[in-house]
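Colleague: This is the structure I want to talk about, given as structure tokens.
Laboratory data are not the source of any read-out in this text; all were calculated from the coordinates shown. Being a predicted model, the structure only gives us computed values, none of them experimental. Using ideal geometry, Cβ is built from the backbone for each residue, glycine included, and neighbour counts are taken over all protein chains shown.
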Amino acid sequence: MDLDLTGRTAVVTGAGRGIGLAVAEALAREGVRVVGGARTITPELEKVSVATVSADLATSEGARTLIGTALAALGEIDILVNNVGGTNQDRNGLGGFLDTDDDRWRRLLDLNLFSAVWTARAALPSLLRRRGVIVNVSSVSARLPSVGPVGYSEAKAALTAFSKRLSEEFGPRGLRVTTVSPGVVGTSVWRSSDGLGAAIAARQGITHEQFLSAMPEQFGIASGRIAEPEELAELITFLVSDKAANIVGADYAVDGGTVKTA
């Protein structure tokens, strides 16, 4: 399918690896001029970007720097993909509510919610001029708070609500905002030896390999497998195209059937 995206411009956050990198690569293949923002700039991201910005997007300064650099490089912004997020995982992050202090709550909210608030605020004037698109990458953890670390699910639920707010306020002015909510995705979060998956495996007293093999059953994934970053990227690329011109405010779960409710 020709998505007719050639010549459009995009900012992708958390683009150094995983879902963000897959999105940047997919958009570039469609002829989109991409500016990628990440804490660590990878060679893979540099290859598909017209510019990259190394910034801490869990700070307002980092988010403003990314959008300012993107505007200087691109002129205008047609597409904003707020993908940056995560659990800031450490070995103490798997405790309960009473084990989670204020600093951790703030870190998770800054990374998973306010990063999108700050980039959207900075990019909105351009996005409105261009009748552009925002895709916020949330998580099915927003619907299943017992699954993720305390603070993460709550931040993602707020991000999903934020998408709805933006779509309601700015949809009449031509801006489209949608949400994509992955379940378990085969990124370093789960597959890396120092990621969340390895930490959970250690807590359960099993090997990382055993944990990965058991994930589909443990997480109730009806399809029997986890998703891959490229699958999310293909959906997001479609959503930012004119083929999805009347999709506004929707939230797409890509979870292999993890969420059992409608």
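Colleague: Between ALA214 and TRP105, what FRET efficiency comes out of the Förster formula 1/(1 + (r/R0)^6) with R0 = 30 Å and r the beta carbon distance, rounded to 0.05?
Modeller: Values: r = 30 Å, r/R0 = 1.00.
The value I calculate is 0.50.
Colleague: Can you pull the one-decimal nm distance between simple spin-label points at ARG39 and ASP4, each 7 Å off the Cα toward Cβ?
Modeller: 4.1
Colleague: Ok, one more. Using a Förster distance of 41 angstrom, determine the FRET efficiency expected from the C-beta separation of GLU169 and ALA202, and round it to 0.05.
Modeller: Values: r = 44 Å, r/R0 = 1.08.
That gives a FRET efficiency of 0.40.
Colleague: Test of understanding: ordering TRP190, TRP118 by Cβ neighbours within 10 Å, fewest first, what list do you get? Mind showing how you got there, number by number?
Modeller: Numbers: TRP190 19, TRP118 22.
Least crowded to most crowded, the residues run TRP190, TRP118.
Colleague: Between 0 and 90 degrees, rounded to the nearest ten: what's the tilt of helix 208-218 against the longest Cα principal axis of the chain?
Modeller: Roughly 80 degrees between the two axes.
Colleague: Report, to the nearest 10°, how far helix 229-239 tilts away from the longest principal axis of the Cα atoms in the chain, using its own Cα long axis and a range of 0 to 90°.
Modeller: Value to nearest ten degrees: 40.
Colleague: Lys/Arg Cβ at +1, Asp/Glu Cβ at -1, dipole of the chain taken about the Cα centre: which of GLN218, THR178, ILE236 is farthest positive-ward?
Modeller: In the chain, that residue is THR178.
Colleague: A further question on this structure: Contact order normalised by length for the chain, with contacts defined as Cα pairs under 8 Å and 6 or more residues apart; what percent is it?
Modeller: On the way: 523 pairs, mean separation 49.3, N = 262.
Once divided by the residue count of the chain, the mean separation gives 19 percent.
Colleague: Another question, if that's okay. How many nm is it between the label spots at VAL50 and SER146, if each spot is 7 Å from the Cα in line with the beta carbon?
Modeller: Here the modelled spin labels are 4.9 nm apart.
Colleague: Give the peptides 54-61, 175-182 in descending order of average Cβ contacts within 10 Å, highest first.
Modeller: 175-182, 54-61
Colleague: Right, something else. Between the DSSP loop rule and a limit of at most 14 other Cβ atoms within 10 Å, which GluC sites (Glu not before Pro) in the range 167-262 are left? Intermediate values should be presented prior to the final figure.
Modeller: Details: sites: GLU168, GLU169, GLU209, GLU217, GLU230, GLU231, GLU234; in loops: none.
When the GluC sites (Glu not before Pro) of the range 167-262 are filtered for loop state and at most 14 Cβ neighbours within 10 Å, nothing remains.
Colleague: I would also like to ask the following. With the contact rule set at Cα under 8 Å and sequence spacing of 6 or more, what percent relative contact order holds for the range 12-57?
Modeller: Values: 88 pairs, mean separation 17.6, N = 46.
Normalised by residue count, the contact order of the range 12-57 is 38 percent.
Colleague: Could you tell me how many degrees, from 0 to 90 and to the nearest 10, lie between the Cα long axis of helix 152-170 and the main elongation axis, the longest principal axis, of the Cα atoms of the chain?
Modeller: Approximately 20 degrees, to the nearest 10.
Colleague: Taking a cut-off of 28 Å, what percent of all Cα-Cα pairs in the chain are separated by more than that? Please report the intermediate quantities before stating the final value.
Modeller: On the way: 10144 of 34191 pairs.
So the pairs more than 28 Å apart make up 30 percent of the total in the chain.
Colleague: Counting residues in the range 87-199 as N, plug N into 2.2 N^0.38 Å and put the Cα Rg over that result.
Modeller: On the way: Rg = 15.6 Å, N = 113, 2.2 N^0.38 = 13.3 Å.
The range 87-199 yields a ratio of 1.18.
Colleague: So if I place +1 on the C-beta of Lys and Arg and -1 on the C-beta of Asp and Glu, and nothing else carries charge, what would the dipole magnitude of the chain be about its Cα centre? I want it in debye, nearest 20.
Modeller: Values: 26 positive and 29 negative charges, 103 e Å.
In total the dipole reaches around 500 debye.
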